[in-house]
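The values are calculated or read from the model by the stated rules, or taken from the named source; none is laboratory data. Computed from a prediction, not measured in an experiment: that's the story for all the values here. Every residue, glycine as well, gets a Cβ built from its backbone with ideal geometry; the counts of neighbours run over all protein chains shown.
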């Protein structure tokens, strides 16, 4: 099983360097990482370009969460830097939020040599019929990949039927899953402490035997123990 976190929470804790992030992740048994560039602060870009790389012997799966392109005036320049990061870090997969992406943005990403993977969004961003139609249209038009965020799908439909529909639609070009849960006060909490952990675990056990893809953990963790507990919980609960 390939399983590991997004680096987003480490940036929030001011753990910036690849070396320190790698030590953190290694200590909890992670073998997958998603590098988060939701916003492109110089310190993140510089460390990823000039610093150490993630050890491919430890981290067998690496992806990169692309920033929202509409926030940048010079989109071509930021995509050039991202491609440099991907080459240096040997990252072959990406993820991007499709909201506010134009056809020109899609094509610009592809022309930059960056593989395009679209993530389904939460219920505050889109509706089920609109999103499903847009994802299918983009895949046909741009031959892109998909990332399924299980918690986002749950927010749309707690019966998990929408998550199931997305899994079946994305299947042939699904790269990985984003996995987290929710409490009364927070979405994207760790599955092990979430109110909907039973629904999330049941969905994973039902579908991962059909297509074993990496799990990128997006629940909020603040220290080694919290992330380790999440990984151990999922490894124990997942039966495939």
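Listed values, structure above:
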read-out: Unique residue being at negative phi and assigned to a strand (DSSP E or B) when the list is 216, 231; value: 216
read-out: Residue selected from segment 205-222 under the condition surrounded by fewer than 20 Cβ atoms within 10 Å (Cβ to Cβ) and touching a helix residue (DSSP H, G or I) at 6+ places or on another chain (Cβ under 9 Å), by the criterion modelled with the lowest pLDDT; value: 222
read-out: Qualifying residue in segment 42-50 (condition: assigned to a loop (DSSP other than H, G, I, E, B) and touching a helix residue (DSSP H, G or I) at 6+ places or on another chain (Cβ under 7 Å)); value: no
read-out: Residue match in segment 23-38 (condition: in contact with a helix residue (DSSP H, G or I) (Cβ under 7 Å, 6 or more places away or on another chain), closer than 20 Å to residue 96 by Cβ and part of a loop (DSSP other than H, G, I, E, B)); value: yes
read-out: Options 62, 48: the member that is under 18 Å from residue 9 (Cα atoms) and over 17 Å from the mean Cα position of the chain (by Cα); value: 48
read-out: Candidates 75, 92, 60, 80 - the one that is in contact (Cβ under 8 Å) with a residue 24 or more places away in the chain, loosely packed, with under 15 Cβ neighbours inside 10 Å and farther than 24 Å from residue 2 by Cβ; value: 80
read-out: Output for segment 1-24, where each listed residue is surrounded by 17 or more Cβ atoms within 10 Å (Cβ to Cβ) and either out of contact with any strand residue (DSSP E or B) (no Cβ under 8 Å at 6 or more places or on another chain) or free of Cβ contacts under 8 Å to residues at least 40 places away in the same chain (or both); value: 7, 9, 10, 11, 16, 18, 21, 22, 24
read-out: Residue selected from segment 184-196 under the condition over 16 Å from the mean Cα position of the chain (by Cα) and either at pLDDT 95 or above or within 16 Å of residue 95 (Cβ to Cβ) (or both), by the criterion surrounded by the fewest Cβ atoms within 10 Å (Cβ to Cβ); value: 195
read-out: Any pair with Cβ under 6 angstrom, 6 or more apart, that starts in segment 95-109 at a residue that is closer than 17 Å to residue 64 by Cα and ends at one that is surrounded by fewer than 14 Cβ atoms within 10 Å (Cβ to Cβ) and modelled with pLDDT of 95 or more; value: none
